[in-house]
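Working notes, beginning with the structure itself.
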């Protein structure tokens, strides 16, 4: 029993709007917020888990209050959980980024209980942070650049090494092509190269100097006497020993800038460089005497005393007209003198320098160069 009185004149205050509250936050065994004071912004590591506790301050049938929650990227969207009476929510394996936890509530009558939110910063491990990735990219690009530069340097070094090896091989081949393998002297092919490469400069220089300047080349053609007899009697191995001994003896008596060539067989060419033309007789005599004093002992104990005949001439043949007579002509003159030395008994030298004035040569004659022989055969003189 009771009495109810209704007074419509009395104004009742409007009911307060309910607001869901965050009651606690924890991550593993750590308590991040216990419900007192302002809710802090969270800072967690990627992969961490977090538990949120929440409640609606409505004590009338509070067990009938319901909640839904979510975590989303700030500025993004995500699905809400289903409405339930659970007052806590666990989130695991949080992704890196700026996240936002949100929870909504409604009371037993279905009245809304507002929305609460907590900002969360989830930090990626150092090796996955943007700054680290940028640093990795920069370092990677740097390594690629360095590797490229190293590769280029390695290729350049390899190329330089290959060029050096090719140059060495080429030089070795050129040396082999220009060298007599038995004696180590320059060969006939190298003599031809020398004529093409050096004689023009000698010719040019001879035009500019005085007659007393030592710029002439004494051309000596050397032929061993009775060399066939040595081969026939003692064998080719003995002949090779003689050729090497002769080459060595010529090397011993030469000046620093003189040149020696083996022309083939038992023939040699000795070039006395930067001489006066009247030194030819002395040089030829020295060659004959040096070889006359050479003795070769064979393995059998037999001694061989080689001798040689020498024919010589001089280049330029005429200082006044260096263009008239070539090195080939002078070599032919030396060969002619060598022939006369052989005919005169061997083991001696004959030399030829022109005595006919250059303006006396009749160059209208078809074979005008032979005039220096035809008119002056007596100018071939023996050098004792």
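So, residue 287, is that one at pLDDT 95 or above, farther than 26 Å from residue 210 by Cβ and not in a helix (DSSP H, G or I) or not?
Working: at pLDDT 95 or above: yes; farther than 26 Å from residue 210 by Cβ: yes; not in a helix (DSSP H, G or I): no.
Spelling it out, it is not the case that residue 287 is at pLDDT 95 or above, farther than 26 Å from residue 210 by Cβ and not in a helix (DSSP H, G or I).
Inspect the range 131-153 for any residue being over 29 Å from the mean Cα position of the chain (by Cα), at pLDDT 85 or above, loosely packed, with under 12 Cβ neighbours inside 10 Å and assigned to a loop (DSSP other than H, G, I, E, B) and give the result as yes or no. No: zero hits.
In the range 202-284, counting only strands (runs of 3 or more DSSP E) that sit wholly within it, the ones holding 3 or more residues that are out of contact with any helix residue (DSSP H, G or I) (no Cβ under 7 Å at 6 or more places or on another chain) and either assigned by TED's automatic domain parsing to the domain that holds residue 317 or modelled with pLDDT under 95 (or both) span 267-275.
Look at residue 335 and say whether it is more than 27 Å from residue 191 (Cα to Cα), part of a helix (DSSP H, G or I) and either in contact with a strand residue (DSSP E or B) (Cβ under 7 Å, 6 or more places away or on another chain) or modelled with pLDDT under 85 (or both). Against the criterion (more than 27 Å from residue 191 (Cα to Cα), part of a helix (DSSP H, G or I) and either in contact with a strand residue (DSSP E or B) (Cβ under 7 Å, 6 or more places away or on another chain) or modelled with pLDDT under 85 (or both)), residue 335 does not qualify. Within the range 114-127, is there a residue that is in contact with a helix residue (DSSP H, G or I) (Cβ under 9 Å, 6 or more places away or on another chain), surrounded by fewer than 12 Cβ atoms within 10 Å (Cβ to Cβ) and free of Cβ contacts under 8 Å to residues at least 60 places away in the same chain? Checking the range 114-127: at least one residue is in contact with a helix residue (DSSP H, G or I) (Cβ under 9 Å, 6 or more places away or on another chain), surrounded by fewer than 12 Cβ atoms within 10 Å (Cβ to Cβ) and free of Cβ contacts under 8 Å to residues at least 60 places away in the same chain.
The values are calculated or read from the model by the stated rules, or taken from the named source; none is laboratory data. Keep in mind that this is a model prediction, so the values were computed, not measured. Neighbour counts are summed over all protein chains in view; Cβ atoms, including those assigned to glycine, are modelled from backbone coordinates with ideal geometry.
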